[in-house]
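J.: Attaching a single structure in structure tokens format; questions to follow.
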Amino acid sequence: MSYRTNEYGQPVGEALPDWTPRPLPSRVTLQGRYCRLEPIADRHVASLFAAYHQAPDSRDWTYIPLERPESLDDFHAYVSSLQASADPLHYAIVDSVTHHALGMLALMRIAPAAGSAEVGYSPALQKSTAATEAQFLLMQYVFDTLGYRRYEWKCDSLNAPSRAAALRLGFQFEGIFRQAVVYKGRNRDTAWFSMIDSEWPRLSQAYRQWLSPDNIDASGKQLQRLKAFMPARGLAR
């Protein structure tokens with residue numbers, strides 16, 4: 001890797017003379033083929049509660065900082081707290097056919113001056129077409145609409161499904177922050193992943209190809225896996 005040098009002969013980073021702080025994300029609706037993202041609202045409470053309680057226990061919440069709300073009233077209070085938050089900024093993933101909310105995504109650790117944001121996700125909708133499209137819709141909003149430079153994914157280093165999901169979605173592994181967090185009375189070493197704006201055009205094309213009707217069979221399933229369209233080794237495995 002080559003670097004510029006300053007007047008003292010010291011290596012310095014790439015010049016960004018035209019960079020300006022980017023806008024904060026807003027409570028927009030993002031429409032896709034299989035789902036849409038809507039700002040989290042009271043109307044999503046019942047269907048989200050039902051979606052999270054399809055699982056017989058709360059093992060999907062092991063690596064989430066809070067426990068699964070076990071009553072509808074508690075879940076309503078939880079959603080009310082999400083509505084009041086600007087960072088994280090929460091969106092419901094709504095099925096385009098049934099119009100039921102099936103999960104949530106959030107933008108968090110939002111840094112307009114650096115053009116960086118992190119995605120947070122809920123345990124529902126794992127390994128579904130709608131879940132993947134929802135991730136794409138939020139990536140597209142961050143990179144194409146807001147003009148951010150960096151998009152992050154972080155998880156407990158012991159959360160193997162989350163780490164695998166990050167790689168499948170095109171994030172690159174950056175390393176482990178040791179003893180980064182204390183939650184639920186235990187230590188968390190945090191695994192960091194990211195994608196950046198220079199990678200986004202190729203990643204965006206891969207998502208579009210995967211979501212294309214040409215890649216859908218008669219039952220509505222993708223003919224090829226997402227990684228078949230990913231542009232280079234290291235962007236997806």
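J.: Run the reach check for K221 against aspartates and glutamates, Cα to Cα strictly under 15 Å, same-chain hits fewer than 8 apart removed. What comes back?
T.: Correct list for K221: E133.
J.: Between the helical axis of 129-140 and the dominant principal axis of the chain, each derived from Cα atoms, what acute angle in degrees is found, rounded to the nearest 10?
T.: Once rounded, the angle reads 40 degrees.
J.: Using only Cα atoms, tell me the angle between helix 200-211 and the longest principal axis of the chain; keep it within 0 to 90° and round to the nearest 10.
T.: In the chain, helix 200-211 runs at an angle near 30 degrees to the longest axis.
J.: About the Cα centre of the range 61-130, what is the dipole size in debye to 20, counting +1 per Lys and Arg Cβ and -1 per Asp and Glu Cβ, all else neutral? The partial results should precede the final answer.
T.: On the way: 3 positive and 7 negative charges, 53 e Å.
Computed charge dipole of the range 61-130: roughly 260 debye.
J.: OK, next. Which value, in Å³ per residue, describes the convex hull spanned by the Cα atoms of the range 71-111?
T.: Numbers: hull volume 3.1 nm³, N = 41.
It is 75 Å³ per residue.
J.: Restricting to DSSP loop positions (anything but H, G, I, E, B) with no more than 15 other Cβ atoms inside 10 Å of their own Cβ, which trypsin sites (Lys or Arg not before Pro) remain in the range 108-170? Working shown, then result.
T.: On the way: sites: R109, K127, R149, R150, K154, R163, R168; in loops: K127, R149.
Here the sparse-neighbourhood loop sites are K127.
J.: So, by mean Cβ neighbours within 10 angstrom, what's the order for 130-139, 15-24 with the highest one leading?
T.: Details: 130-139: 22.5, 15-24: 10.3.
Highest mean packing first, the order is 130-139, 15-24.
J.: In deg cm²/dmol, rounded to 500, what helix-only [θ] at 222 nm does the chain give when every DSSP H run of at least 4 residues adds -39500 (n - 2.57) and the total is split over its residues?
T.: Details: 5 runs with 53 residues, N = 237.
Using -39500 (n - 2.57) per qualifying helix, the result is -6500 deg cm²/dmol.
Read-outs: derived from the displayed coordinates by stated rules, not from any lab. Since we're looking at a predicted model, the values are computed, not measured. Neighbour counts are summed over all protein chains in view; Cβ atoms, including those assigned to glycine, are modelled from backbone coordinates with ideal geometry.
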